[in-house]
Amino acid sequence: AQKVTQAQTEISVVEKEDVTLDCVYETRDTTYYLFWYKQPPSGELVFLIRRNSFDEQNEISGRYSWNFQKSTSSFNFTITASQVVDSAVYFCALKEYSGGYQKVTFGTGTKLQVIP
Amino acid sequence: DTGVSQDPRHKITKRGQNVTFRCDPISEHNRLYWYRQTLGQGPEFLTYFQNEAQLEKSRLLSDRFSAERPKGSFSTLEIQRTEQGDSAMYLCASTWDLSSGANVLTFGAGSRLTVL
């Protein structure tokens, strides 16, 4: 079973539009961490945010915001007023307590293209 | 701190040849991870080290694959008798012990392998 599902394979938006990237996860653990990473065309995965399962507060960082809802097992990522530099592949990931927090499991990614 | 370095960045080889990738992690990090990423997919866990000890290997890591971290610093990933299905991006990441939960993986830019 896929532990992290990113149903949107590719999204295209026009610059300055808002865009939300969906992430649904599956775990039996009550303690876990969720992450978002950005992978620009250069290839290097860049860490964006970490959220533990006990902290359901939404977070905003500049144009980025994250909505964590345990009830629906979702951890969605919104970019406000998108820019061309936001074009990249975005990965949602899960780290579970039952795995001893030893591994991070990634979703298949959402490719975002921001058109000028 | 120069981040995680991987070498070579690109490797083109003929089927049946052996290839070796090197990863230099962030010097303070005791954990080193190898992931594989194929086109349109998220990174998939291959193996990880704590210092020089290889603690876990994925079933994705066939007998043709071997990884080492001889002195607990840099690591090598060797693929023997390469097959076309080995074509992928091989990502290295490092961190402090992930079991603290909060620690995140820092990734290198990856080594892209093309098997002809």
**Request:** Being over 17 Å from A:F35 (Cβ atoms) and touching a Leu at 6+ places or on another chain (Cβ under 9 Å) is the filter; apply it to region A:68-99 and report the residue that is surrounded by the most Cβ atoms within 10 Å (Cβ to Cβ).
**Result:** A:S82
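Let's see how each residue does on (1) within 11 Å of another protein chain (Cβ to nearest Cβ); (2) surrounded by 14 or more Cβ atoms within 10 Å (Cβ to Cβ); (3) small (G, A, S); (4) more than 14 Å from B:R112 (Cα to Cα):
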| residue | (1), (2), (3), (4) |
| --- | --- |
| B:H29 | no, yes, no, yes |
| B:F49 | no, yes, no, yes |
| B:G72 | no, yes, yes, yes |
| B:S75 | no, yes, yes, yes |
| B:C92 | yes, yes, no, no |
**Asked** Do we find that A:A88 is within 14 Å of chain B (Cβ to nearest Cβ), small (G, A, S) and in contact with a Lys or Arg (Cβ under 6 Å, 6 or more places away or on another chain) in this structure?
**Response** yes
**Item:** Checking A:S65 against (1) surrounded by 17 or more Cβ atoms within 10 Å (Cβ to Cβ); (2) away from chain B (no Cβ under 14 Å); (3) within 22 Å of B:G110 (Cβ to Cβ), the condition it does not meet
**Value:** (3)
**Request:** Output the residues belonging to region B:1-16 that are more than 19 Å from A:F47 (Cβ to Cβ), out of contact with any Lys or Arg (no Cβ under 8 Å at 6 or more places or on another chain) and surrounded by 14 or more Cβ atoms within 10 Å (Cβ to Cβ).
**Result:** B:T13
**Asked** Which of the residues that make up region B:14-45 are in contact (Cβ under 8 Å) with a residue 60 or more places away in the chain and on the phi > 0 side of the Ramachandran plot?
**Response** B:G16
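Bear in mind that the values in this text are calculations on the coordinates, not laboratory data. These figures come from a predicted structure and were not determined experimentally. Cβ coordinates were reconstructed from backbone atoms using ideal geometry, including for glycine residues, and neighbour counts include every protein chain displayed.
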